[in-house]
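Readers should treat all values here as calculations from the given coordinates under stated rules, not as data from a laboratory. In this text the structure is predicted, and so the values were computed from the model without any measurement.
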Amino acid sequence: MAQFVLIVVGVLVALAAESAWSARQDRAREAEYLGALLEEARGNLRAVEVVMDVTERKRAALSQVDSLLSTGRPEESAALFLQSLLQGSGIAVVPQFSRAVFDDLQNSGRLSLIQDDRTRIQIVHSYSLLTAMVERHDRWSDIIASGLHALASRYTPPGIVQQSRPFLVLVEEMVNLSALHRAVRELVVRPELTLEIRAAWRALDAETTILVAVLGATERHTEMLVNAVGLPSAPLRTP
């Protein structure tokens, strides 16, 4: 009987040790995944901030167009006018949003490694929300008003622009000022120019609204993961 008790106790001790070891392994994997999710969130936050910066540059360029038009003689600053027109009417830039870590966690069945129910639910909800928001921005970028860009490109003398992502820029050494002045004079009398500028402003405002929502959701998601990892909170915006 004593021998049987010793065997049972030995088995129970072994099972307890194995359970404790397994729990430690799970907690280590949980910490690893939370850290990876936080890095993914920070990368997504930087990606959204880059697109926001591009949007602000487009807004500044359109403001420059309006300012030059208000003088009544934009051809006197033809290079600046055309450059601003091309930049302000550029296509929407899509945030390079990543969810690789989350997809691995979910598809591998390891989501249960996140012990805290509230944190686990928040992670799933945040990725669903952010994915929907970015997809909405993607759809908008496909239909964003491009008439102004097409109009500006049609009146831009050939061979003087090059791609400098995400904008087209004038190549100064290739610019023929007289040809540029003539092109701008012809462009500003086109009746559709004012309509296309207004359409570009509406498109830019709508794009900005979507991006502000994406940025806010990404910041909240990142802050939630900072708290889950146990790091001290810090300003999320990059300088």
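A few remarks follow.
- What the phi angles of segment 77-82 give under the Karplus curve with 6.51, -1.76 and 1.60, with θ = phi - 60°, is a coupling list of 10, 4, 5, 5, 5, 5 Hz, glycine and proline written as x.
- Vicinal HN-Hα couplings computed from phi for segment 215-220 (Karplus, 6.51 cos²θ - 1.76 cosθ + 1.60; Hz; Gly/Pro x): 4, x, 5, 5, 5, 5
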